[in-house]
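The values are calculated or read from the model by the stated rules, or taken from the named source; none is laboratory data. Everything quoted here is computed from the prediction, not taken from an experiment. Don't worry about glycine lacking a Cβ; one is built from the backbone with ideal geometry, like all the others, and counts go over all protein chains shown. Only protein heavy atoms, including side chains, enter the accessible area calculation; ligands, DNA and RNA are left aside. Shrake-Rupley method; radii C 1.70, N 1.55, O 1.52, S 1.80 Å.
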Amino acid sequence: MKFEFSEDQEMMRSEARRFLQKECTSAVVRSVLESDKPFDERLWKAICAMGWPGVALPEQYGGLGAGYLELCVMAEELGRSLAPIPFSSSMFLAAEAIMRGGSDAQKAEWLPKLASGESIGTLALGEGPGAAAWEKCGAGAERAGSGFVVTGVKWPVADGMAADVAVVPAKDSHGLALYLVKLDQPGVERCLEPSFDESRPQGRITFKAAAAERLAMSDLATLEDVINRAAILYSFEQLGGAEASLNMAVAYAKDRYAFGRPIGSFQAIKHKLAELYAQLELARSNCYFGAWTLSTDDATLPEAAACARLGASRIYFECAKECIQVHGGIGFTWAFDAHLHYRRSKVLSAVIGGQTRWRETLIRALERKNCTSQSDHSRVA
């Protein structure tokens, strides 16, 4: 196994970073944070023109046909720049759900639109704070003529105010299923939900017998598979943000002088930053292993996703928090950018379930692995 990116993938990273450093400055992030815009349309159109949303989608659906490793690279760079666009919701969640569970006709209809940016998608997963146990969802679906209707309330929904279509988990007569719901119809009501990071707005979506289309492969196992895959991609977004936060703290520690010397020369600062670097590299190794399982569809993907998600969530929060601390009093002010990563770290850590959920996922995956191993030993004996 070779857990590193290829020369071509690193070249893609360099080009993406160069573009985002120029086009996605903190002023762009703040312009969305300080307004009622759901995302930065100029930046979204620019990356769609370059084909970024479709990097991992097959060419037959309008994608570039590159693969998941390339998508991981893009996710990391978008996280590093705090891009205020609905990339992750549309591609990690909606596109992945349609790709894994949609029929040929559903894929042909929606994936080209998502790949080009013509349509924006999301996954309407949560039903209130702490309601990450999506198998217990309260939304319901029932037949209506030749189709279905969905009724229920989903919140907070990542990029729910920007999306044109949502994949909605809902219970029908057979159990949990996934439904495609267009959000521009009379049976759908949307309102802005308060968010810790308003550069990535959350929405509350109320479905009142909204017309829906059931995904072809639609059950709890499909949803769990989509969430596990998205967890690895979100982990790379968090990894990029964590490294950016740490770099910001290191740069300030080198430039800020106190008592005639850089504050980074004091043990209280440099030891803290060194420890964060070590933890970041450990989280990176978990993310890289997750990327490998994602690209090879390895059987260890669920536990790799949980490890990557837990490590990335923790290190992003710690780097963002300590970046503020290293900056001292000015780190808490609106004028400096340290708080931007702190906000994003909190939102990303909860978007597909918090750390408690992912610890439980890891424990279940390891228990299943141990049971399988014991069963194999018994057969050998």
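For Lys346, go through the lysines and keep the ones whose alpha-carbon is under 19 Å away, minus same-chain ones fewer than eight residues off.
Once the sequence-local lysines are set aside, what remains near Lys346 is Lys321.
Magnitude of the Cβ-charge dipole of the chain, K/R +1 and D/E -1, about the Cα centre, nearest 20 debye?
I would put it at about 940 debye.
Taking 1 over the mean of 1/r across every pair of different Cα atoms in segment 138-284, what Kirkwood radius in Å do you get?
Final number for the Kirkwood radius of segment 138-284 is 18.7 Å.
Taking only the alpha carbons of segment 1-124, what extent do you get along each of the three principal axes, in Å, biggest first?
Between the extreme Cα coordinates on each principal axis of segment 1-124 lie 42, 39, 23 Å.
Please calculate the 1.4 Å probe accessible area of Arg100, with all protein chains present, and give it to the nearest 10 Å².
Counting only protein heavy atoms, Arg100 exposes about 80 Å² to solvent.
Considering the chain as a Gaussian network with a 10 Å cut-off on Cα pairs, which listed residue, Ile330, Ile98, Ile315, attains the greatest mean-square fluctuation?
Of Ile330, Ile98, Ile315, the most mobile in the Gaussian network model is Ile330.
Note down the net charge around Val157, summing +1 for each Lys or Arg and -1 for each Asp or Glu among other residues with Cβ under 11 Å from its Cβ.
In short, 0.
Please report the relative contact order for segment 60-175, taking Cα pairs under 8 Å with a sequence separation of at least 6, and give it as a percent rounded to a whole number.
On the way: 143 pairs, mean separation 31.7, N = 116.
About 27 percent, as a whole number.
Please work out the FRET efficiency for the pair Asp298 and Glu34, using the Cβ-Cβ distance as r and a Förster radius of 41 Å; give the result to the nearest 0.05.
The value I calculate is 0.40.
Ordering Tyr342, Tyr179 by how much accessible area each has at a 1.4 Å probe, largest first, what is the list? Please list the in-between numbers first.
Numbers: Tyr342 60, Tyr179 0 Å².
Largest accessible area first, the residues go Tyr342, Tyr179.
Note down the Stokes-Einstein diffusion coefficient of segment 175-249 in µm²/s, whole number, using a Kirkwood radius over alpha carbon pairs, 4 °C, and 1.567 mPa s. Let's see the in-between values first.
On the way: Rh = 15.5 Å.
Rounded to a whole number, D works out at 83 µm²/s.
Note the count of lysine pairs whose C-alpha atoms are less than 20 angstrom apart in segment 36-181, limited to pairs 8 or more residues apart or on different chains.
5
Note down the nm distance, to one decimal, between modelled labels 7 Å out along Cα→Cβ at Glu189 and at Cys371.
Reported label-point gap for Glu189 and Cys371 is 4.3 nm.
Could you tell me the relative contact order of the chain? Use alpha-carbon pairs under 8 Å, at least six residues apart, and round to a whole percent.
The value is 16 percent.
Take the alpha carbon atoms of segment 1-26, find their center, do the same for segment 136-206, and report the distance between the two centers in whole angstrom.
Their Cα centres are 34 Å away from one another.
Fully extended, how many nm does the chain gain between Glu23 and Lys136 (0.36 nm per residue separation, minus their Cα-Cα distance)?
On the way: separation 113, 0.36 × 113 = 40.68 nm, distance 4.17 nm.
Going from the current span to full extension adds 36.5 nm.
Could you please tell me the mean projected area of the C-alpha convex hull for segment 1-70, averaged over all directions and given in square nanometres to one decimal? If you can, show how the numbers build up before the last one.
Numbers: hull surface 24.6 nm².
With every direction weighted equally, the projected area is 6.1 nm².
Roughly speaking, what is the stretch gain from Glu10 to Arg42, that is 0.36 nm per residue apart minus the C-alpha to C-alpha distance, in nm to one decimal?
Extra length available between Glu10 and Arg42 comes to 9.0 nm.
Starting from the 7 Å offset along Cα-to-Cβ, what nm value, one decimal, do you get for the label separation of Ala274 and Thr206?
Output for this residue pair reads 5.7 nm.
Just to confirm the filter: which chymotrypsin sites (Phe, Trp or Tyr not before Pro) across segment 216-283 are DSSP coil and have at most 12 other Cβ within 10 angstrom of their Cβ?
Qualifying residues, ordered by number: Phe259.
Determine one quarter of the surface area of the Cα convex hull of the chain, which equals its mean projected area, and express it in nm² to one decimal.
So the mean shadow area of the Cα hull is 21.2 nm².
Can you pull the accessible area of Lys37 for me, 1.4 Å probe, Å² to the nearest 10?
Probe radius 1.4 Å; accessible area of Lys37 about 80 Å².
Report, in degrees rounded to the nearest 10, the 0 to 90 angle that the Cα long axis of helix 104-116 makes with the longest principal axis of the chain.
Taking the Cα atoms of the chain, the angle to 104-116 is about 30 degrees.
Please give the charge dipole size of segment 228-381, origin at the Cα centre, charges +1 on K and R Cβ atoms and -1 on D and E Cβ atoms. Round to the nearest 20 debye.
The calculated dipole for segment 228-381 is roughly 320 debye.
Work through the residues other than Ala278 whose Cβ is under 12 Å from its Cβ and net out their charges, Lys, Arg +1 and Asp, Glu -1.
Neighbour charge sum, excluding Ala278 itself: -1.
Over the heavy atoms of Glu189, what accessible area does a 1.4 Å probe trace out, to the nearest 10 Å²?
90
Could you tally the net charge around Leu43, taking each other residue with its Cβ under 12 Å from the Cβ of Leu43, Lys/Arg +1 and Asp/Glu -1?
+1
Would you list which aspartates and glutamates come within 20 Å of Lys22, measuring only between C-alpha atoms, while excluding same-chain residues fewer than 8 positions from it?
Excluding near neighbours in sequence, the set is Glu10, Asp40, Glu41, Glu76, Glu77, Glu237, Glu243, Asp337.
If contacts are Cα pairs under 8 angstrom and at least 6 residues apart, what is the relative contact order of segment 1-121 in percent? Display every interim value, and only then the final one.
Values: 131 pairs, mean separation 35.8, N = 121.
The normalised contact order for segment 1-121 reaches 30 percent.
What is the magnitude of the charge dipole of segment 21-73 about its Cα centre, with +1 placed on the Cβ of each Lys and Arg, -1 on the Cβ of each Asp and Glu, and no other charges, expressed in debye to the nearest 20?
Here the size comes out at about 120 debye.
Of all DSSP beta bridges in the chain, what percent run antiparallel (nearest 5)?
Antiparallel: roughly 85 percent of the beta bridges in the chain.
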